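Take this structure first; my questions come after.
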Amino acid sequence: MRPATRAVHAGRPPHEPDEPLNVPITMASTYVAGGEREYGRYANPSWTAFEETLGDLEGGRCLAFASGLAAVATVLDLVGHGETVVAPRHAYNGSLMQLADLEARGRVRALLVDIADTDAVVAACADAALVVIESPTNPAMEVAEIATIADAAHAAGARVVVDNTFATPLLQRPLDLGADLVLHSVTKYLAGHSDVVMGALVTRDDELHAVLKGRRDLIGAIPGAFEAWLALRGMRTLGVRVERAQANATELAKRLGEHAAVHEVRYPGFGGMISIVLADAEAADRLTASTSLWVHATSLGGVESTFERRRRWRSEPTTIPEGLVRLSVGIEDVEDLWDDLASALATA
Ligand SMILES: *Cc1c(COP(=O)(O)O)cnc(C)c1O
């Protein structure tokens, strides 16, 4: 079956009389002894339903985490003392902050690269224990050649993790391209309604899966049952949401590219994320303050269109332009989105 169908049908109870169509929310801190679950930090049926569905979509075995950054921390924790992590210079700033923090404490060596410069990334792989890819990158929208980088990393004995938050498994399947691990901020497109914070890791390597499950059991960075249920409910409509957001983004990227106030449009040609560069911070701030439909908010991937001037965060790399506004295009009518943007751009 095709991915949009699997997003609807995976992770459900068997088709038997009186079975519910959806796995219910199980609120349990403990289970009667003698089975597989034992305790609420180890297992929950609502996580399992979510994990089966995302695992099916990415083509591996999934583990749910408390947040995207809990998943990032779990992956970085695999790196041995003093080993090298190759990572994109532009990436989600929380992931970069975790890496910088580990480096400052002498735990790992970080080697930051332009992830779209494949030759430079391949060269950097030589000393790596872990290669982190984000593609497209947040918010610079650079695209990595995942298969080529994965080959180079494996030749050097390194593991490869791909943050697939922006693309979703409907537009990019990193495990098929040779990655060892896929990471998601489920908070974004997978949950899709700006009401859940959650993360996930997916791998085909059973040994790695067991190690990661062991870390989750021990550290306890687990989601709540309700969060997992909400995220799965959101994931059921991933196919239509991604299709609509992408169609809207394609049209908006074209129109924005023809607008005099917009100096640069960064759209990789797929997905619902666009970054635009305006003259300066003031022009960008005027834009984000002048819309009625577009909401100025951080985060992304919801049904509602949001945007943000990323350099308002002190932690954002200074190579991101001051006037860059990241647009998370929602599933509204594209003409309403454009009318609102165009009138606000007149003030920028
Ligand atoms: C938001 C985000 C994260 C962090 O996820 P949280 O769920 O906020 O912890 C990681 N990677 C990318 C690309 C993100 O956009």
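Below 8 Å between Cα atoms, with a sequence gap of 6+, how large is the relative contact order for the chain in percent?
The value is 16 percent.
Under the classification rounded if a/c is under 1.5, otherwise prolate if a/b is larger than b/c and oblate if not, where does the range 144-187 fall, given a ≥ b ≥ c as square roots of the Cα gyration tensor eigenvalues?
It comes out prolate by the Cα gyration axes.
Here's another thing I want to ask about it. Roughly how many percent of the accessible protein surface of the chain is carbon and sulfur, given a 1.4 Å probe and a whole-percent answer?
Whole-percent figure for carbon plus sulfur exposure: 52.
Please work out whether the range 1-118 counts as rounded, prolate or oblate from its C-alpha gyration tensor, where a ≥ b ≥ c are the square roots of the eigenvalues and a/c under 1.5 means rounded, while otherwise a/b larger than b/c means prolate and anything else oblate?
It comes out oblate by the Cα gyration axes.
While we're here: State in Å² the accessible area per residue of the chain; use a 1.4 Å probe, count heavy atoms of protein chains only, and round to the nearest integer.
I get 43 Å² per residue for this part.
Let me know the shape class of the range 238-347, please: from the alpha-carbon gyration tensor, a ≥ b ≥ c as square roots of the eigenvalues, rounded when a/c is under 1.5, otherwise prolate if a/b is greater than b/c, or oblate.
prolate
Take the alpha-carbon positions of the chain, form their convex hull, and give its projected area averaged over all directions (one quarter of the hull surface) in nm².
For the Cα atoms of the chain, the hull's average projected area reads 18.4 nm².
Return the sequence-ordered ³J(HN,Hα) values of the range 289-296 in whole Hz as given by the Karplus equation 6.51 cos²θ - 1.76 cosθ + 1.60 applied to θ = phi - 60°, using x for Gly and Pro.
For the range 289-296, the Karplus-derived couplings read 8, 10, 9, 10, 8, 5, 9, 7 Hz, x marking Gly and Pro.
Per residue of the chain, what 222 nm ellipticity follows from adding -39500 (n - 2.57) for every DSSP H run with n ≥ 4, rounded to the nearest 500?
After summing the helix terms and dividing by the residues of the chain, the value is -11000 deg cm²/dmol.
Tally Lys and Arg at +1 and Asp and Glu at -1 over the other residues with C-beta under 11 Å from the C-beta of Asp127: what net charge comes out?
0
Restricting to DSSP loop positions (anything but H, G, I, E, B) with no more than 12 other Cβ atoms inside 10 Å of their own Cβ, which trypsin sites (Lys or Arg not before Pro) remain in the range 277-322?
Passing sites in the range 277-322 are Arg314.
Which of the peptides 179-187, 220-228 is most tightly packed, and how do the rest follow, judged by the mean count of other Cβ atoms within 10 Å per residue?
179-187, 220-228
The values are calculated or read from the model by the stated rules, or taken from the named source; none is laboratory data. Remember, it's a predicted structure, so these values are computed and weren't measured experimentally. Note that we place each Cβ from the backbone using ideal geometry, even for glycine, and neighbour counts take in every protein chain shown. The area values use the complete protein model at the heavy-atom level, side chains included, leaving out ligands, DNA and RNA. Shrake-Rupley method; radii C 1.70, N 1.55, O 1.52, S 1.80 Å.
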